[in-house]
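What follows is a short report on a single structure.
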Amino acid sequence: MSGSSSGWHATTIIMVRKGGRVVVGGDGQVSLGSTIVKSSAKKVRRLGHGEVIAGFAGSTADAFTLFERLEAKLEQYPQQLTRACVELAKDWRTDRYLRRLEAMMLVADRQVGLVLTGSGDVLEPEATVDGSVAAIGSGGNYALAAARALLPSDMDAEAVVRRSMAIAAEICVYTNANLVVETIEST
């Protein structure tokens, strides 16, 4: 996903749920046009007292705004990630200020993983026998394809995330191999 018209480009964030774990990983590259301005940004973090992992793709300032809003919704609806995300998506779609934000979020807790967009989407990836995968950002489709191919293998969730991100970094110029990876034991 492209960032704002000023030339900011997104990143790659991936979530893999497999073998009783949910792992979210993101790269660290921030680009302005064709220039890399930072290679070690932290785009994946814990929210909701450490019970939720969230990653963003898009404009950095917009993402921080969304992290703060999601944190507030998690306080309002503790242990209800889906409800908090639906409420955030409603605000994001209807609030005049939030509507202008150019970002996507991928969030997960022990039970559910969701993709949120400014269009009001709150999407849960389809689960298969092997687990589930979701990805966002400029390199999201590359990481998603790699993870789907690796999901049935003997690799654990973190290994799938790391290998998928490495593949995306080899293909997408807006993705690098400086990863932040967070894990939660799932149910």
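With respect to the conditions (1) in contact (Cβ under 8 Å) with a residue 40 or more places away in the chain; (2) closer than 29 Å to Asn176 by Cβ, Gln111 lacks only one, and its number is (2). Hey, does segment 86-104 have a residue that's of a type in the set (Gly, Ala, Ser), over 17 Å from Val161 (Cβ atoms) and surrounded by fewer than 16 Cβ atoms within 10 Å (Cβ to Cβ)? No, segment 86-104 contains no residue that is of a type in the set (Gly, Ala, Ser), over 17 Å from Val161 (Cβ atoms) and surrounded by fewer than 16 Cβ atoms within 10 Å (Cβ to Cβ).
Based on this model, can you work out whether Ala108 counts as within 14 Å of the chain's Cα centre (by Cα) and small (Gly, Ala, Ser)? Yes; evaluated as a whole, the condition is true for this residue. Taken across segment 29-41, residues that are modelled with pLDDT of 95 or more and closer than 23 Å to Val133 by Cβ do not occur at all. Report whether or not Lys18 is closer than 26 Å to Ser138 by Cβ, buried (at least 17 other Cβ atoms within 10 Å of the Cβ) and in contact (Cβ under 8 Å) with a residue 60 or more places away in the chain. Considered against the rule, which asks whether it is closer than 26 Å to Ser138 by Cβ, buried (at least 17 other Cβ atoms within 10 Å of the Cβ) and in contact (Cβ under 8 Å) with a residue 60 or more places away in the chain, Lys18 comes out as yes.
Residues checked against (1) surrounded by 22 or more Cβ atoms within 10 Å (Cβ to Cβ); (2) in contact with a strand residue (DSSP E or B) (Cβ under 7 Å, 6 or more places away or on another chain); (3) farther than 16 Å from Thr12 by Cβ:
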residue: Leu114; (1), (2), (3): yes, yes, yes
residue: Gly120; (1), (2), (3): no, no, yes
residue: Leu123; (1), (2), (3): no, yes, yes
residue: Thr128; (1), (2), (3): no, no, yes
residue: Ala134; (1), (2), (3): yes, yes, no
residue: Tyr142; (1), (2), (3): yes, no, no
residue: Ala147; (1), (2), (3): yes, yes, no
residue: Met165; (1), (2), (3): yes, yes, no
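One residue alone among Ala108, Ala146, Ala127 is over 19 Å from Ala169 (Cα atoms) and modelled with pLDDT of 95 or more, and that residue is Ala108. Summed over segment 77-98, the residues that are modelled with pLDDT of 90 or more and either among the aromatic types (Phe, Trp, Tyr) or touching a helix residue (DSSP H, G or I) at 6+ places or on another chain (Cβ under 7 Å) (or both) give a count of 4. When segment 122-150 is filtered for residues that are over 30 Å from Ile36 (Cβ atoms) and touching a helix residue (DSSP H, G or I) at 6+ places or on another chain (Cβ under 6 Å), only Val122 remains. When we screen Val133, Val173 for residues that are over 10 Å from Gly25 (Cβ atoms), part of a strand (DSSP E or B) and of a type in the set (A, V, I, L, M, F, W, C), the only hit is Val133. Condition check for Arg83 on (1) under 29 Å from Lys18 (Cα atoms); (2) buried (at least 18 other Cβ atoms within 10 Å of the Cβ); (3) more than 16 Å from the chain's Cα centre (by Cα): one failure, at (2).
The values are calculated or read from the model by the stated rules, or taken from the named source; none is laboratory data. From a predicted model like this one, the values you see are computed outputs, not experimental measurements. Quick reminder, even Gly has a Cβ in these numbers, built from the backbone with ideal geometry, and neighbours come from all protein chains shown.
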